[in-house]
Structures are given as structure tokens and as C-alpha cells.
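Engineer: Structure in C-alpha cells, see below.
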Amino acid sequence: MATLLAKNATVLVTMDGARREIPGGGLFARDGMIEAVGPAEVLPATADRVIDLSGHVVLPGLVNCHHHLDQTLTRNLPAAQNTNLFRWLKAHYRIWGARTPEASRTATLVGLAELALSGCTTAFDHAYVFRNGCKVDDQIFAARESGMRFMVSRGSMSLGESRGGLPPDDCVEDEDDILADSERVIGAWHDAAPGAMLQIALAPCSPFSVTPELMRDSAALARRHKIRLHTHLAETIDEERYTLERFGKRPVAYMEELGWLGDDVWFAHAVHVNAHEIGCFAGTGVGVCHCPSSNMRLASGIAPVKAYRRAGVKVGLGVDGSASNDGNHMLGEARQAMLLARLQISLRPPEGPDTALSTSDPSRDPEWTTAREALELATLGGAAVLGRDDIGALQPGKCADFTAFRLDDLAFAGGLADPVAACLFTGPHRANWTVVHGKPVVERGEIVTFDLPAVIAEHNRHAARLAALHFE
């Protein structure tokens, strides 16, 4: 069983119950699991692999709770640069539908590499466009190449335009096929054991792209196999209008009707909610993934993160798709969450005809979000949202997932009075080390698990082919 000793960090942030920050800290791990954390004198003197982290700040590996890795192929698409969610989706659906398994592999590797270089060790991907020969398996194999801890959905879209949905009919699947492949993927890949490197979730895409029947059937299948459920919810006012007009209910009430409020569920975005709905999430154990950059990019709104946390709702962070963020910087996403929460302090309540559609008062909050609170969202918060108690902190019994940033880097210059807070206030930062289950993915600032330049070159060829496509 391989052992790892990481030692001599300028400061090591544990995120343990006491939120200890240990000067001169380090950790000792065996077979990917932490056995000891503390200063040098409490750690073994040697190990199979020793990493000297002098001059570094060490954080628990960051946890990304919502992503669409295939969208790395369509970053900065001109037709979608200045649009809101529904128009943005319509500009992308058929292009995503034209990708290939080979393109999906490179998109997954490029996205995971960016995440790893920003300190992320665990990523969840919400995949849902499969009527093109692609499978979840393509991304799973790529994630194995990367060395990252991975959770992926067998997502779905089944409600095409001709039946009142948003996606084109040629991008949606038959529901029996969706459920059969979901059963296959769960049986082939899901690992429920502590320290698992791969887990599966079921994730029908959204209220405007799947039927109520598929939502119910997916929930029943997931609960039979004891896996988690995920979907987009309450992201925009357009979505709210859609559910009110089609189902006579706001998005959260619609989810409740479908049996989708429970401690095995987490929603992406959850921007447009009122105080009662926040209470519903808290009372049923629902988690929320906050995606600040995407919500700003698409002018979707600001999620009431402070109100969620006061109510006891589990909240994590997600970079969201690379075409609605155009990057995969997880530490940068934590910074955005901190800054966006501060912007809410000065916002006025909404006025005008849309006020009755969405009660946004919970988003207004006079409290300051600190750097350490934002880091907690990106570590412990994400772990809780994904239903994992073996990641998100550096303490005995947890996975040896951590990231380290050099304090002599240009971005830290002048900010060392509080190096932990500087991870959020200064930047952007590039991880010098990112270690997953005791094995480096990033070593001395470079990806070491695969040939990144070759993958980027291939990825750009696939992206250029897709960008050249034109659809009516």
C-alpha cells in the first residue's frame, strides 16, 4: 500500500470541525486515505512519496458540483455571446448534438485539466445530449485518464419542440431508451464505496426539456439503486413562466409534485426562489449548486446563498458549462461567489410586472461573505451536496485530495498578511500541486497524467469542425 507524506506547508487549511489552519502543516496518507494531519512532529518522518510544500498554502481539494464538460467545445460561440438562457440554448443544441465520442473525450480532458490546475479534485458532470453515438462511458474513460475524482450523470432530454419543450426534436431521446441506458450505466459504473473515484447520478435536464413521466421514472430508478438525482431548476424567469403556464406551478412546487424534494436531490442554480421555497429545501434536505459566473454571463440573477445557509440548506459551487462560463477555474468560482454575495448588499428589491413572478427578497442580505466562507462552499459544501463524507476536508479518514499554491507566485505578491484569504482576494492562481487520492494530477504547475498539449491540439480541431456547422 503506497504512502504519501506532504509536509512543511506555510499554512494548511483543514476544513475540519474546528476549522484548523496549521502553520508548518502536512498530512500522511496510505493507499489514498489520510491517516494523520498536523505539524511535522506528529507525522511520520518518511513515506514512499514525500512532497515538500514549504512556501505553499494547502487547501482541501475543491469540489465542483455542476458542469457540462462537452461545452468546452463551444466556448465563446458568437451566436450565443449576448443572449439569455433560452436563446443561448437554442444556439447550441444542434451543435452539441453533432459532437463525436472523440470530441467528447478531448472536451472532458481539457475541462478536467483546467479544473485540476485551479485546485479542483472532484468534478460532477451533467451530460444529457446522447442522440449522436456518444455515451457517458466516453467521459468516464477520459476522467480515468485524467486521474480526477469523477461523478457523472446519465442525463436526458425527451421533450422536443413539437411537444412543447425547448430542444429540437432531433436532439431528444425516447424515454424507454433513456431509462434502459440509465440502468446499464448504473450497473456498469457506480461505486458506492468510501473513497470511490467514480459515481453515477441520474439527471433529467430541466422542466422544459423532459416530461413529468420521465422525471418520476428517473427518480424511482435512482432511488431503487440508491444514487443521487440532479436537474437545473429556477435558473431564470423564463423557466418560471414556462412552469406556471404549462403546469400552473412555480418550479419548486412542480418538483414537489413530482417527488423531487429529498435529501438525495440537488438542484443547479436555484436563483429565483422565495422564503417558503428555501424552507422547503431545508426541510427536505435538498442541496443547491450555486453557479455565479454562469448566472452573471447569462443575466440569470443572483442565488440567495446567505439565506440558504441560514436556513440549513446544503450549498456547493459549480463552474457550470464552459459555454456559459467560458472557463473552468474552480478557485476563481469561489472568488466570484464571494464577490457576487457582496454585490447583493446594495441591490434594491425588484419592481415592475415581473415582481409577482419571482420573490427575490431572500437575495438581499446585509452580511458580508468572507473568503473562508467561500472556500467552505467550494470544499465542505460541495462534498455535502454530492452526498459524500469522505472528501472536502483534510483530516484522518478522508481521501488524500488536496491542492497547493506557491506563495512566491506573482498573484500573491503583497497579500501574504493572510495567505488563506489571499487565495480568494488575489489571483488568478494556478495550482502548483493537485493531488487526488494520494496521486499527483498536477505536479509543479503541470498536468502529469496525460499529454495536455496534444489533447488541446486535437480538441481545437474538433471545436473548429463544430463551429463551422450551421443549422436553421
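What follows is calculated from the coordinates using simple rules that are stated; it is not laboratory data. For clarity, every value in this text was computed on a predicted model and none was experimentally measured. As a convention, Cβ positions derive from the backbone with ideal geometry for all residues, glycine included, and neighbour counts pool all protein chains shown.
Engineer: So what are the radius of gyration and Dmax for the Cα set of the stretch 35-87, in Å?
Structural biologist: Gyration radius and largest Cα-Cα distance of the stretch 35-87: 21.5, 58 Å.
Engineer: Quick one: 3J(HN,Hα) in Hz for the stretch 200-207, Karplus 6.51/-1.76/1.60 with θ = phi - 60°, rounded, Gly and Pro as x.
Structural biologist: Each residue of the stretch 200-207 in turn: 10, 10, 9, 8, x, 5, 5, x Hz.
Engineer: Could you pull out the pairs from 226/314; 7/398; 7/226 whose alpha carbons sit more than 28 Å apart here?
Structural biologist: Cα-Cα > 28 Å for 7/226; rest within.
Engineer: Within the stretch 102-184, report the trypsin sites (Lys or Arg not before Pro) that DSSP leaves as loop and that have at most 15 other Cβ atoms within 10 Å.
Structural biologist: Loop-located and lightly packed - 131.
Engineer: May I pose another question? Using only Cα atoms, find the angle between the long axis of helix 237-247 and the longest principal axis of the chain, and express it within 0 to 90 degrees, rounded to the nearest 10.
Structural biologist: The answer is roughly 50 degrees.
Engineer: Give me the aspartates and glutamates in straight-line cross-link reach of residue 135: C-alpha distance below 12 Å, same-chain residues under 8 apart excluded.
Structural biologist: Hits, sequence-local ones excluded: 70, 102, 181.
Engineer: So if I place +1 on the C-beta of Lys and Arg and -1 on the C-beta of Asp and Glu, and nothing else carries charge, what would the dipole magnitude of the stretch 62-385 be about its Cα centre? I want it in debye, nearest 20.
Structural biologist: 700
Engineer: Continuing with the same structure: Taking the chain as the reference, fit the longest principal axis to its C-alpha atoms, fit the long axis of helix 452-467 to the helix C-alpha atoms, and give the angle between the two in degrees, 0 to 90, nearest 10.
Structural biologist: Tilt relative to the chain: about 10 degrees.
Engineer: Between the stretch 80-114 and the stretch 177-206, what is the C-alpha centre distance in whole Å?
Structural biologist: Between the Cα centre of the stretch 80-114 and that of the stretch 177-206, the gap is 22 Å.
Engineer: While we're on this one: For the residue pair residue 451 and residue 465, what label-to-label distance in nm results when each label sits 7 Å from Cα along the Cα-to-beta-carbon direction?
Structural biologist: Reported label-point gap for residue 451 and residue 465 is 1.9 nm.
Engineer: Mind pulling the angle between the C-alpha long axis of helix 101-117 and the longest principal axis of the chain? Nearest 10 degrees, somewhere in 0 to 90.
Structural biologist: 50
Engineer: In percent, what relative contact order does the stretch 107-235 have, based on Cα pairs under 8 Å that are 6 or more apart in sequence?
Structural biologist: Computed value for the stretch 107-235: 23 percent relative contact order.
Engineer: Longest exposed-loop-site-free stretch of the chain, with chymotrypsin sites (Phe, Trp or Tyr not before Pro), DSSP loop and at most 14 other Cβ within 10 Å?
Structural biologist: 1-367
Engineer: Given an 8 Å cut-off on Cα distances and at least 6 residues of separation, report the relative contact order of the chain as a percent.
Structural biologist: 21
Engineer: Another question, then. Please report the antiparallel percentage of DSSP beta bridges with both residues in the chain, rounded to the nearest 5.
Structural biologist: Restricted to the chain, the bridges split so that about 45 percent are antiparallel.
Engineer: Quick one: 3J(HN,Hα) in Hz for the stretch 427-444, Karplus 6.51/-1.76/1.60 with θ = phi - 60°, rounded, Gly and Pro as x.
Structural biologist: Calculated HN-Hα couplings, in order: x, x, 10, 10, 4, 8, 9, 9, 10, 10, 6, x, 10, x, 9, 10, 9, 6 Hz.
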